[in-house]
1. Restricting to the range 1-88, what percent of DSSP beta bridges are antiparallel, rounded to 5?
2. For every other residue with a beta carbon closer than 13 angstrom to the beta carbon of ALA214, add +1 if it is Lys or Arg and -1 if Asp or Glu, then tell me the sum.
3. Just to be sure I understand: of the beta bridges DSSP finds with both ends in the range 2-150, what percent are antiparallel, rounded to 5?
4. With everything on Cα atoms, drop me the angle between helix 163-190 and the longest principal axis of the chain, reported from 0 to 90° to the nearest 10.
5. Calculate one ³J(HN,Hα) per residue across the range 291-303 by plugging θ = phi - 60° into the Karplus curve 6.51 cos²θ - 1.76 cosθ + 1.60, and present them in order as whole Hz with x for glycine and proline.
6. On a 0 to 90° scale, report how tilted helix 404-419 is relative to the longest principal axis of the chain, with both axes built from alpha carbons and the result rounded to the nearest 10.
7. With a cap of 16 neighbouring Cβ atoms within 10 Å, and only residues DSSP puts in a loop, list the GluC sites (Glu not before Pro) found in the range 463-500.
8. How many times 2.2 N^0.38 Å is the alpha carbon radius of gyration of the range 455-498?
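All of the numbers you see were taken from the coordinates with simple rules; none came from a lab. Remember, it's a predicted structure, so these values are computed and weren't measured experimentally. Cβ placement follows ideal geometry from the backbone for every residue including glycine, while neighbour counts extend to all protein chains displayed.
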Amino acid sequence: MKNILLSFVGNHDPFDPVDNSDGPILNLLSHKSFEKIYLFYNSDIYLRQASELNVELKKRDVDTYLSYVPIEITDPTDYSLLFPLINDACQKILTENSHQNSYYFIAMASGTPQMHTIWVLLQQSQLFPAKLLQALEPKFRKTGLAYREITFEIDNFPKIISPDEIKRLLNISELKRERLEAERKSLTRDFGFSEIIGESELLRREIEKAVSIADSDVPVLICGETGTGKELFARAIHFNSQRKEHPFICVNCAALPEHLIESELFGHKKGAFTGAIQDKKGKFQLADEGTIFLDEIGDMPLSTQAKILRALQEKEISPVGSEKTIKLDVRVISATNMNLEHARQEKRFRDDLYYRIKGLALEIPPLRKRKQDIIILANHILQNKARLTSDAQKFLYNYSWPGNVRELKQSLHTANALSQGNEITKEILMDLLQEQLVGYPGGIKFELPAGEFDLKETLEHIEKDMILNALKEERNNQTRAAKRLGMTRQNFNKKLLKYNIAT
């Protein structure tokens, strides 16, 4: 590798006119060697000084090659004229030495301040990749060094970018924009209402309600058991609204520690509490112009509920440790597996917050109440990876699925792995779900209650409950309810009379 130096020739080269001591370039060369030196000059006076410098270097047996670079300009302080001339000269030097690996250095001592500025611009923008060297006056040589390398690796120093680099970054930015747009379209498709699988009337009714208010700013409360797909509904609403270009921020309120929940939701200022080492934006601020999804909102402490209410009413928040408020434009979708009516009556959930978040209430039905969707969902989940035997399909249909769609999905993924992509049998599913199968017809036996019990009375109680559930799911249609239970209509009517069930 060769060291190559670039420098303007100045009034102090080759010697200081006051005390005839070595000028900046000679001083630098006495401490660092260069195989090639390019001396820039802008008048005959400086050309003569460059020649005198060359003579002095020969006297001192300095082994270097010297080249003179004319910068034809009458005003050495004119940036608009200086920059293109110096840049062109530098590009020629790069081309001239492109056949070999070289380290480039620029001496900053000689020349006008405008020339120094241009050296910095060329170096920082990487138009000319070089290290900047600053010659030190004797009174500043505390460590014995005659020069120092100038670096700009300091906090908050502005980045200087070349035109080519700007084009490159713009191209990258455009590619990122196109990728993000493609991802957005994919999200809109993946989280659209078409991804909510099922044909049951209960489910379709809730989908129709969600579609009707998706493109508004009406707050939505989504109720349903764990695993029914509440977040899927929330995402579908967001990605079919006018806010789909903006963030969808999901917050699991039940998973947030009580002492950190305000910081997570509203952000905090540096030093607001132990561990707050810097400012942090909260989930509400991150969701600005988009949607925030407050999952399991029923588990939120009453103290936080009051602040959520204020954020919704005033459309502003205050980060922890700050007296300032931040205006926000956020749509709120909430979800819970809790009965908020009971929580309100027990004073565990604020009335005013309840009515604020319940612009539209959706009730996502559990899987056991839309059994006709189970096989449709199963085939969608498996995507033809494995085939369900007829016994396996009957098992899926009859199982109660306490974990709902989430449990179905996980069970089928595991069953598919166990079947090695072939047939999923009833036995595979029963082995997976054996802990939940107590009471499953045709599965593991019922567990006996503690102590003595009346078997006949217990069976009659179960039978009556199943008849009532069948009637409820079939909307009091006795023919369909009898069919669901595998009974004739005549036998079904006898049971209605036996248990005094009115329809």
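1. Values: 1 of 12 bridges.
Of all bridge pairs located within the range 1-88, approximately 10 percent are antiparallel.
2. Numbers: positive: LYS209, ARG235, ARG243, LYS244, ARG331; negative: GLU206, GLU208, ASP215, ASP217.
Charge balance in the 13 Å sphere: +1.
3. Numbers: 5 of 24 bridges.
In the range 2-150, DSSP labels about 20 percent of beta bridges as antiparallel.
4. Relative to the chain, helix 163-190 is tipped by roughly 0 degrees.
5. For the range 291-303, the Karplus-derived couplings read 10, 10, 10, 8, 7, 6, 5, x, 8, 6, x, 4, 4 Hz, x marking Gly and Pro.
6. Roughly 80 degrees, rounded to the nearest 10.
7. Details: sites: GLU463, GLU473, GLU474; in loops: GLU474.
Answer by residue number: GLU474.
8. Values: Rg = 10.0 Å, N = 44, 2.2 N^0.38 = 9.3 Å.
Here the Cα radius of gyration is 1.08 times the empirical estimate.
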